[in-house]
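S.K.: Have a look at the structure that comes next, please.
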Amino acid sequence: MYAQSLFGVIHAFVKNKAQAEDVLQEVMVKIWQKIDTYDASKGRFYTWIVNIARNAAIDKYRSKAYKKERENLSTNNFVDVIEGSYNLGKLTNAIGIKAFKEKLKPKCIKIIDLLFYKGFTHKEAAENLSIPLGTLKTRNRACINELRTLLDIK
Amino acid sequence: MSTQEYIDSGILELYVYGSLSAEEEKEVNEMMTKHPEVKKEVEAIEEAIIRLSNSASPYLPSVNYERIKQNLFKKETKVRELSKTSAMTYIGWAAAILLLIASGVLYQQYNSTQNEIQVVNQENEKLEKENTHLEEVQDSYATIMTFLSDENTEIIKLDGQENFSQAYAKAYYNKDSKEVMIDAKGLPKPPEGMVYQVWSLKLDPLTPTSVGLLEEFTDNDSKLFRVAQAPTAEAFGITLEPAGGSKTPTLEKLYTLGKV
């Protein structure tokens, strides 16, 4: 289900598999407990749980060092984190991260990292990349389209 | 704005990320209910994101799912177990009491340790003071030694006079620096309220100048006294004077005298 995806989001923050597993457990329990408060008319379920996961990961590692890292996050995107810690051969997914890395533009990886993984608002991300808001939106759209082509999602 | 333009604006991707404001989200929700193609687009974006993050995720062992399940299960059943068995209540109370006793004991231990620390600290302070004192003493001895061994320092024997023939003393006089030290080991302990006074004398005409008192005579174990400089000494004399000293020497109480 979603656990693997959430784990990826958490791991992008926490960067340590054992700790990320702990956070994931907390997140799962939290989702279970807060399920009544989810309002389908307000947004996607997946968006809702990703938010919970992101916040839990941020809360857990809200140390000074972490904050600093968020500021110059340019150094570390979700692909680097994975590549840094694991032998890519052990990933079991059909299209491995390696394929994404080869086919997605670095610009796209950066944008997806900021907006999706790091949970930046589009204003924050635009500022971070020093591009206008409109450009950010269209560029991000182009990146997701590229991703969809890659995954064959119409 | 047509629905296609709306889709192309890129707002739906941000919607899926969760990086829109509540207002903007509301707008997208409305668009989705009105236009099925918007909803379809959102679902496609979401799928892409989910698959990307699935791939960009370390392998999650099934053990972890078990742990999550257990955690959820535990939370559900815990309450029932406690209320069902009264044995649990007793164990709970026993544990609470034990904890209370343990904290009491620990608190006492903490207090007594604190006291010990205080005592040790006080002792430390005392030792430090003693140490400083000893260092001072050593320093002063070192100064004395330097003074005594200086080539310009002369030893002047001050012999016992008349009634005090048993008494003797020595003056160390540095003709260069004009400094004077008195060795008073050969003087008897001064009676209460009295003090020895040291005089530097010019002989012709006889002019005595006080160079200081041998204060705290009994406490000074070495009986070595540093007195004031004597610029024009031709002789040194020691008399016994009332406490505080006198302006002129009481000659009847002249204990020792010696010429430079």
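The values are calculated or read from the model by the stated rules, or taken from the named source; none is laboratory data. Keep in mind the model is a prediction, meaning the values are calculated, not measured. Note that each Cβ is placed from the backbone with ideal geometry, even for glycine, and that neighbours are counted across all protein chains shown. Surface areas here come from the heavy atoms of the whole protein model, side chains and all, with no ligands, DNA or RNA. Shrake-Rupley method; radii C 1.70, N 1.55, O 1.52, S 1.80 Å.
S.K.: List every residue pair whose Cβ atoms lie under 9 Å apart, where the two residues are 6 or more positions apart in sequence or sit on different chains, the first residue falls within the range B:30-43 and is among the basic types (Lys, Arg), and the second residue, located anywhere, is surrounded by fewer than 16 Cβ atoms within 10 Å (Cβ to Cβ).
M.R.: Here the result reads B:34/B:3; B:39/B:33, each pair linking the range B:30-43 to a residue that is surrounded by fewer than 16 Cβ atoms within 10 Å (Cβ to Cβ).
S.K.: Can you tell me which condition residue B:218 does not meet? The list is (1) of a type in the set (Ser, Thr, Tyr); (2) over 27 Å from residue B:138 (Cα atoms); (3) touching a residue at least 12 places away in the same chain (Cβ under 8 Å), and all the others hold.
M.R.: (2)
S.K.: Name the single residue, out of those in the range A:115-134 being more than 22 Å from residue A:59 (Cβ to Cβ) and open to solvent by less than 50 Å² (accessible area, probe 1.4 Å), that is nearest to the other protein chains (Cβ to nearest Cβ).
M.R.: A:122
S.K.: State whether the residues of the range B:224-233 include one that is among the aromatic types (Phe, Trp, Tyr) and either touching a Ser or Thr at 6+ places or on another chain (Cβ under 7 Å) or open to solvent by 60 Å² or more (accessible area, probe 1.4 Å) (or both).
M.R.: No: zero hits.
S.K.: Consider the range B:7-41. How many of its residues are more than 7 Å from every other protein chain (Cβ to nearest Cβ) and either open to solvent by less than 10 Å² (accessible area, probe 1.4 Å) or farther than 25 Å from residue A:152 by Cβ (or both)?
M.R.: Total meeting the criteria: 16.
S.K.: Quick one: which residue in B:131, B:163 is over 18 Å from residue B:223 (Cα atoms), assigned by TED's automatic domain parsing to the domain that holds residue B:241 and out of contact with any Lys or Arg (no Cβ under 7 Å at 6 or more places or on another chain)?
M.R.: B:163
S.K.: Of all residues in the range A:1-32, which are more than 8 Å from chain B (Cβ to nearest Cβ) and over 15 Å from residue A:113 (Cα atoms)?
M.R.: Of everything in the range A:1-32, those that are more than 8 Å from chain B (Cβ to nearest Cβ) and over 15 Å from residue A:113 (Cα atoms) turn out to be A:1, A:16, A:18, A:19, A:22, A:23, A:26, A:27, A:30, A:31.
S.K.: Here is a list: B:244, B:212. Which entry is surrounded by fewer than 18 Cβ atoms within 10 Å (Cβ to Cβ) and not in a helix (DSSP H, G or I)?
M.R.: Only one candidate passes the filter, namely B:244.
S.K.: Of the conditions (1) crowded, with 17+ Cβ neighbours inside 10 Å; (2) in contact (Cβ under 8 Å) with a residue 40 or more places away in the chain, residue A:47 satisfies every one except a single condition; which number is it?
M.R.: (2)
S.K.: Within the range B:102-113, track down each residue that is of a type outside the set (A, V, I, L, M) and open to solvent by 80 Å² or more (accessible area, probe 1.4 Å).
M.R.: Of everything in the range B:102-113, those that are of a type outside the set (A, V, I, L, M) and open to solvent by 80 Å² or more (accessible area, probe 1.4 Å) turn out to be B:107, B:108, B:109, B:110.
S.K.: State which residue is most open to solvent (accessible area, probe 1.4 Å) when the search covers only the range A:28-44 and only residues that are hydroxyl-bearing (Ser, Thr, Tyr) and not in a helix (DSSP H, G or I).
M.R.: A:41
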